[in-house]
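Trainee: Sharing a structure with you now.
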Amino acid sequence: MRLCDLRQKEVINCRDCARLGFVGDVEFSIATGCLEKLIVPGPCKLFGLFGQDHEYIIPWCAIKQIGPDIILVDIDSKTSLKASHD
C-alpha cells in the first residue's frame with residue numbers, strides 16, 4: 001500500500017465512532033523503515049475558516065483494521081490530539 005492510498009481513507013475511532021478525518025501524513029523509523037504513526041489533521045479552529053492547529057497522532061499499534069475506504073483505530077481522542085507545531 002502506498003501513502004497516496006492511505007490518504008484517501010477516512011480514519012474512524014472505534015471507541016466513540018467519531019470521524020477523525022483523512023490521513024495527512026505518516027511517521028516512520030529511519031532505522032527500520034517501518035511505519036510508526038499516522039498523522040490526521042485535527043478539527044478546524046473556527047467554523048472551518050482558519051485551518052487546524054492540532055493533529056491526531058495515532059500509533060501503528062492503535063490501528064485495528066484497514067479497509068477499502070476507512071481505517072479503524074482505537075485511541076483516546078483527547079490524549080492523541082497534539083499541537084501541530086510540536
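The values are calculated or read from the model by the stated rules, or taken from the named source; none is laboratory data. Because the structure is predicted, anything quoted here is derived from the model rather than measured. Cβ placement follows ideal geometry from the backbone for every residue including glycine, while neighbour counts extend to all protein chains displayed.
Trainee: Of everything in the range 51-73 that's without any contact (Cβ under 8 Å) to a residue 40 or more places away in the chain and of a type in the set (G, A, S), which residue is nearest to E10 (Cα to Cα)?
Mentor: A62
Trainee: One residue is enough: does the range 66-83 have a residue meeting the conditions basic (K, R), outside any loop (DSSP other than H, G, I, E, B), surrounded by 10 or more Cβ atoms within 10 Å (Cβ to Cβ) and at pLDDT 90 or above?
Mentor: Looking through the range 66-83, none of the residues is basic (K, R), outside any loop (DSSP other than H, G, I, E, B), surrounded by 10 or more Cβ atoms within 10 Å (Cβ to Cβ) and at pLDDT 90 or above.
Trainee: Could you please find all residues in the range 1-48 being modelled with pLDDT of 90 or more, in contact with a strand residue (DSSP E or B) (Cβ under 6 Å, 6 or more places away or on another chain), under 17 Å from K78 (Cβ atoms) and not in a strand (DSSP E or B)?
Mentor: Answer for the range 1-48, where residues must be modelled with pLDDT of 90 or more, in contact with a strand residue (DSSP E or B) (Cβ under 6 Å, 6 or more places away or on another chain), under 17 Å from K78 (Cβ atoms) and not in a strand (DSSP E or B): just C14.
Trainee: Is it fair to say E36 is under 10 Å from the mean Cα position of the chain (by Cα) and touching a residue at least 12 places away in the same chain (Cβ under 8 Å)?
Mentor: no
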